[in-house]
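Some notes on the structure that comes next.
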Amino acid sequence: MRKRVKAPVTGKSNAERWARAIEQELIAQLLARACSSVCRARLCAIEQELIAQLLAPEPEPEKPPAPTFEEFAVIFLDLCKANRLGVNTISHCEVHLRLYLNPVIGKRRLDAVKPADITAIKAGLASKAQNTMCETIKTLRRVYNVAVEQGAIEHLPVKIDMPRRSRKAVIADDAVQQAALLRAAKELGQHYVVMLLLGMDAGLRRGEMLALKWTDLDFTQGCMVVRHNIVRGKLDLPKGRTEDEIALTPRLAEALQAHRRAGPFVFTNDRGAHFIETNIASWMKKLVVLAGVPWHGMHILRKTCGTRIADDGGGVGAIAGHLRHKDLQTASRYIDRRGASTRALSALES
């Protein structure tokens, strides 16, 4: 719309200057109204965007990539030590990781291990004993279970099947061999008799024999408490990580009282400390040579104890209780079954 206005000034030049001033003022007013509309629209848009951001769920933070197997193996061993697992357990895990697992999958991420890698691990153990492979795969599965618990990975990337263990026939000393060992022990000295009876009567492991203290014995009640174990030369908790009470046979109690010496341990060395595993193994080797009995290691005494309980009518539960096994299946492996059919037939015919 055009509007005719009379200039308030006289002269052409003055009228032109007045007109240009009016023009600038009108343009400024138009620009101000336009900017105001744009700002309101922009503010509305920003407001809507903020509301949408507030209503929208928070995005989950991106998880860091899974560590490599070698990196987590260090964390795993630290957790084993923090949880106070047995010295033997930690040592075996270290060996399995260093020799058999890290060389094959150490550089792979935990979530990138494939079935072919598990096959490669087993192939690398082909020249080893069957039980070595079983223990190594057991360590591998334990590492992955801990990784899931710690949140390093969400789930197992592969299925880890445990191979079947190979079991040898249980061998225990018969009555004739037990008598020969006892005669030889009496010839060699009282501490040989105590060692032999702690194995055949009490069923103690060699480390438990070495860690046995006089304060663990109660001759009034006729029992002992297994509180410690010597593992790799160090004092540790028993294998089951619990204390257990065992009854003393009369001949074992008599042998212990006859052996009574100064020092905290039943077998105390010249320095007033405990012996180590190689010491008691050498005692046992000397004993079997003198008795003319085949060498089957120290653990045969524990198996002889379990077999004696079974032959005298004790069931697997009695063996498990005396030898401190967690389950009956383990206790059943401490019975020498050679001649069992003949003994069963004799019992049926009687």
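Bear in mind these aren't lab numbers, they're just calculated from the coordinates by the rules spelled out. The shown structure was predicted, so the numbers you read here are calculated from the model rather than taken from an experiment. Every residue, glycine as well, gets a Cβ built from its backbone with ideal geometry; the counts of neighbours run over all protein chains shown.
Numerical summary
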read-out	value
Burial ranking of peptide ranges 170-180, 120-130 (average Cβ count within 10 Å, highest at the top)	170-180, 120-130
Over the chain: Rg over Rh, Cα atoms, Kirkwood Rh	1.52
Spin-label proximity, residue 142 to region 325-339 - amide N less than 18 Å from point 7 Å beyond Cα toward beta carbon	326-327
Mean separation of Cα contacts under 8 Å (6+ apart) over length of region 217-281, as relative contact order %	28 percent
Radius 13 Å from Cβ of residue 298, net charge of other residues (Lys, Arg +1; Asp, Glu -1)	+3
Mean-position separation - Cα centroids, region 288-303 and region 132-194, in angstrom	19 Å
Estimated FRET transfer efficiency (residue 220, residue 289; beta-carbon r; R0 45 Å; 0.05)	0.75
Rg/Rg_globular for region 175-348, with Rg_globular taken as 2.2 N^0.38 Å and Rg from C-alpha atoms	1.02
Peptides 196-206, 75-85, 9-19 ordered by average Cβ neighbours within 10 Å, highest first	196-206, 75-85, 9-19
Cβ-defined net charge surrounding residue 74, 13 Å radius [Lys, Arg +1; Asp, Glu -1]	-2
Aspartates and glutamates whose Cα lies under 17 Å from that of residue 186, excluding same-chain neighbours fewer than 8 positions away	201, 254
Neighbour-count order for 95, 226, fewest beta carbons within 10 angstrom listed first	95, 226
Stokes-Einstein D for region 69-149, Kirkwood Rh over Cα pairs, 37 °C, 0.692 mPa s (µm²/s)	256 µm²/s
For region 187-201, Karplus couplings with θ = phi - 60° (6.51, -1.76, 1.60), whole Hz, Gly/Pro x	6, 7, x, 5, 5, 5, 5, 4, 4, 5, 6, 4, x, 6, 9
Whole-Å distance, taken between Cα centres, linking region 215-233 and region 77-128	35 Å
Residue exposure sequence - 155, 299, 92 - by fewest surrounding Cβ within 10 Å	155, 299, 92
Antiparallel content of DSSP bridges confined to the chain, in %, to 5	100 percent
Local electrostatic count, residue 225, Cβ distance below 10 Å [Lys/Arg +1, Asp/Glu -1]	-3
Region 237-323: Cα Rg divided by the 2.2 N^0.38 Å rule of thumb	1.28
Chain lengthening between residue 28 and residue 249 when straightened (0.36 nm per residue, less Cα-Cα)	68.2 nm
Evaluated over region 187-238, the Cα radius of gyration and Dmax, each in Å	11.4, 33
